[in-house]
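So the structure is just underneath, and the comments pick up after that.
The values are calculated or read from the model by the stated rules, or taken from the named source; none is laboratory data. Please read all numbers here as calculations on a predicted model, not as lab measurements. Note that each Cβ is placed from the backbone with ideal geometry, even for glycine, and that neighbours are counted across all protein chains shown. SASA here: full protein model, heavy atoms, side chains in, ligands and nucleic acids out. Shrake-Rupley method; radii C 1.70, N 1.55, O 1.52, S 1.80 Å.
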Amino acid sequence: MPFPMLPLPAPGEVLLVNTCYEDDGTPLWDAILQTVGGRRDEDLVILGDGDGDVRLRLTENPGWDYLHGGDFPALLPPGFDAPVIAQADISAVYGADAMMLIDLREVPGRGVRIPTAELGRVLPGLHDGTISFDELIRGMDRCGTYLGDAGEPTNPTPTGVVRTSFPQLPVYPLTLLVRTDFENHEGWSSLLSALGDLTEDNETQVDFSDTGSSDLGLSALVVDDPAFESLQPGQVPALVPTVGRNDQHTTMVALADAQTLADPVHRLLVVDLHDTPGQSIRMPLAGAGSLAANLEIANMDFYEFENYEGWNG
């Protein structure tokens, strides 16, 4: 079943879209409204006390349950002109004092978590252009939170855009391994050799019989298409096809860029699709299968892999 389209916000409003629901379709708002504060006016939450008020429009539909942040650009109706959407996702609902903002203008589909105390400053700045989404990305800590206290990421997520107008990525329920550098052919051949045999459909064949191995192998669909040359991590979430709420979403996208192909251990640029869309980490190929498996069962949050012992070399 496809996701419903989003409504048009009134001028100056920011949609606060709930993507976390009870089994009966009841939206989970309580923790969000407690941490955001402000004053209520029917389905508006108003932050501020005069000029420069921020108006958050509470927007709910059980059809958006478990919607991923990168899916929002595909659900915008004609005439939608707001720079961002605020998302009440499962992380925000269950206690985190930070709300997801999804970029709709600069690099649509990427996200950053904003402490609720900063919303009254950040949202007007995004509307009037005094704050850019790039600035928010560059200010993320390793957990994907702007001005967070979890320390600087080992490899900050790139914000530059080399080119645009990429096609949609293939529909695939596990991991996509996407080649983005087409200069280093020797490095690409080395990476393919390290992956192992590919099927006729460009899928890796992983032998899971060796249960004592810490390297699970990477089960992935290999995308070797110049149409994705120079693809950047922030652009990835919006290119993952939007599927119905009961269909299996792509678990992970790993980019094989110039740095990957020049690296003997092939550190992939792995992109977060769920916790903070577009955030990225470097992960040696030898650990990528374990990362994908843990993401598949939601065993760890994405940021926890950045400094996981042995994986960052």
- line: The condition of being more than 24 Å from T164 (Cβ to Cβ) and modelled with pLDDT of 95 or more holds, among S209, S213, S189, S230, only for S189
- request: Would you mention how many residues in region 84-104 are part of a loop (DSSP other than H, G, I, E, B) and modelled with pLDDT of 95 or more?
  value: 1
- prompt: Does region 105-116 contain at least one residue that is over 22 Å from T159 (Cβ atoms) and not basic (K, R)?
  reply: yes
query: From the set of residues in region 9-56 that are of a type in the set (S, T, Y) and either touching a Gly at 6+ places or on another chain (Cβ under 9 Å) or modelled with pLDDT under 90 (or both), which is surrounded by the most Cβ atoms within 10 Å (Cβ to Cβ)?
result: T19
- request: For G70, work out the one condition from (1) among the small types (G, A, S); (2) assigned to a loop (DSSP other than H, G, I, E, B); (3) in contact with a Leu (Cβ under 7 Å, 6 or more places away or on another chain) it doesn't fulfil.
  value: (2)
query: Within region 109-129, can you find the residues that are surrounded by fewer than 19 Cβ atoms within 10 Å (Cβ to Cβ) and either modelled with pLDDT of 95 or more or small (G, A, S) (or both)?
result: A117, G120, G125, G129
task: Among residues belonging to region 256-280 that are of a type outside the set (A, V, I, L, M) and part of a strand (DSSP E or B), point out the one that is nearest to the chain's Cα centre (by Cα).
output: S280
field: Odd one out for M283, checked against (1) at pLDDT below 95; (2) aliphatic (A, V, I, L, M); (3) not in a strand (DSSP E or B)
entry: (3)
- request: State the number of residues belonging to region 14-45 that are assigned to a strand (DSSP E or B) and over 20 Å from G111 (Cα atoms).
  value: 7
- request: Just give me the residues in region 160-185 being closer than 14 Å to V270 by Cβ, modelled with pLDDT of 95 or more and either touching a helix residue (DSSP H, G or I) at 6+ places or on another chain (Cβ under 8 Å) or open to solvent by 10 Å² or more (accessible area, probe 1.4 Å) (or both), in sequence order.
  value: L177, V178, T180
query: Out of region 137-170, which residues are aliphatic (A, V, I, L, M), over 15 Å from the mean Cα position of the chain (by Cα) and at negative phi?
result: A150, V161, V162
- prompt: Of all residues in region 109-145, how many are touching a residue at least 40 places away in the same chain (Cβ under 8 Å) and either out of contact with any Gly (no Cβ under 6 Å at 6 or more places or on another chain) or over 17 Å from D301 (Cβ atoms) (or both)?
  reply: 16
field: Residues satisfying the stated conditions in region 2-15, i.e. among the hydrophobic types (A, V, I, L, M, F, W, C) and either in contact with a Ser or Thr (Cβ under 6 Å, 6 or more places away or on another chain) or at positive phi (or both)
entry: L15
statement: Considering residues that are open to solvent by less than 40 Å² (accessible area, probe 1.4 Å) and either modelled with pLDDT under 95 or farther than 20 Å from H274 by Cα (or both), the number found within region 72-82 is 3
Hits in region 249-270 (condition: touching a helix residue (DSSP H, G or I) at 6+ places or on another chain (Cβ under 7 Å) and open to solvent by 30 Å² or more (accessible area, probe 1.4 Å)): A262, V265, R267
Restricting region 286-313 to residues that are closer than 23 Å to V112 by Cα and open to solvent by less than 20 Å² (accessible area, probe 1.4 Å), the residue that is modelled with the lowest pLDDT: E306
